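Worksheet: the structure to be examined is printed underneath.
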Amino acid sequence: MNPLSMTIFFTSLTVGTIVTMSSNHWLTAWIGLEINTLALLPLMTKTPHPRAIEAATKYFLTQAAASALMLFLCLINALQAGEWDINIPTNLVTNLLPIAIMMKLGLAPLHFWLPEVLQGVSLSTGLILSTWQKVPPMVLLFQISHNINLDLLVILSLASILVGGWGGIGQTQLRKIMAFSSIGHLGWIILVLKFSPQLSLFSFVLYIIMTTAMFLSLITLSSTKMSQVATSWTKNPMLTTTTMLILLSLAGLPPLTGFLPKLLITLELIKQNMVIFASLAMLMSLLALFFYLRLTYIITLTIPPNTHSSLTSWRTSTKPYLASSVVNVMALMLLPLAPTIIFM
């Protein structure tokens, strides 16, 4: 794609995100979300493949439906409250507007578009879709967190954790696995949103770090399927090892970074006398743990039949080695720094 076009689209993504994050008005927040959505569509179709066009069409239709619902509810909310301020609590803000925002995020049961869209785009666009595009809707959820119905949050979060684990079990495509991983992690994040928005924000930042590390590793290894990542050991043993550890971090195993949000969220739920929901969330996470461990086993503990005999791989393009190494370290080793991070 033309560098000038890429600059324009990434600038539009940045502007849309900043507009939504800095707005205290429903209409400007909606405009920022729309700028974000429209800026991503050309990036999704930069490779004119039928699957990419299909993914972009599905993404546009889903986001347009969520935006139309959100704008309609914002108009009714403005009629009821007499103003467009985000922090005015009404029945619509409590019950229906979060559903429209969660549809944009891809939370269950409104998640069906996310695995299909992520499967149809490139890994670099999938990275933007799984991290950057989650920021504006999550900021809106943080702003209205004190007004959202608690029962709605608990039901949707537990459903997302269940779907995120169950949907990824039979997958062999890594992008679909990362889509279901995203659904499960966002379920954990919104589970504690009502009680501790700061903890939800902290967990969301760690989710972005771990997901970015995983996508950058896959981009560096040029792997989109299990069969491709299984043969990556002879090409880049060190990166393959860290990829395995990132998968275990995404699964939430100690002493890796991914254990930290699950531990803190579970402790917060127990402190709020929600032991049953904390137990259900941990049991549902075992489903996700299964496919993470299966992928880890395939990467490191199996020997592929078509092992490369050469010690060096053929490199024809630049890879994000520096960015991947920095983010990989963050995705693996932030747990010992947890007291300092929480104190800050």
For the pair residue 5/residue 47, report the inter-label distance in nm, with labels modelled 7 Å from Cα in the Cβ direction. 1.6 nm
Excluding residues fewer than 8 places away in the same chain, name every one of the lysines whose C-alpha is closer than 18 Å to that of residue 104. 58, 134, 176
With axes computed from alpha carbons, what is the tilt in degrees of helix 197-221 against the longest principal axis of the chain, rounded to the nearest 10 within 0 to 90? 30 degrees
Could you tell me which of 105, 124, 36 has its Cα farthest along the dipole of the range 1-138 towards the positive end, charges placed at Cβ (Lys, Arg +1; Asp, Glu -1), taken about the Cα centre? 124
Separation of the residue 198 and residue 322 label points, Cα + 7 Å toward Cβ, nm: 3.5 nm
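In percent, how large is the relative contact order of the chain, given Cα pairs closer than 8 Å and 6 or more residues apart?
Values: 462 pairs, mean separation 53.0, N = 344.
It rounds to 15 percent for the chain.
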Could you pull out every residue, at least 5 positions away or on a different chain, whose amide H is within less than 5 Å of the one on residue 235? Hs are placed 1.01 Å off N in the peptide plane, and Pro or chain starts have none. none
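What 222 nm value per residue comes from the helices of the chain, counting each DSSP H run with n ≥ 4 as -39,500 (n - 2.57) and dividing by all residues, nearest 500 deg cm²/dmol? Don't skip to the end; give the middle numbers.
Values: 17 runs with 249 residues, N = 344.
Helices in the chain give a 222 nm mean residue ellipticity of -23500 deg cm²/dmol.
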Loop-only GluC sites (Glu not before Pro) in the range 1-95, please: DSSP not H, G, I, E or B, and at most 11 other Cβ atoms within 10 Å. 83
So between residue 286 and residue 91, what do we pick up on full extension, going 0.36 nm a residue minus the alpha carbon distance? 66.6 nm
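Here, each number is a calculation from the coordinates, and none is a lab measurement. The model shown is predicted, which means the values in this text are computed figures rather than measured ones. In this analysis, Cβ positions are derived from the backbone assuming ideal geometry, glycine residues included, and neighbour counts consider all displayed protein chains.
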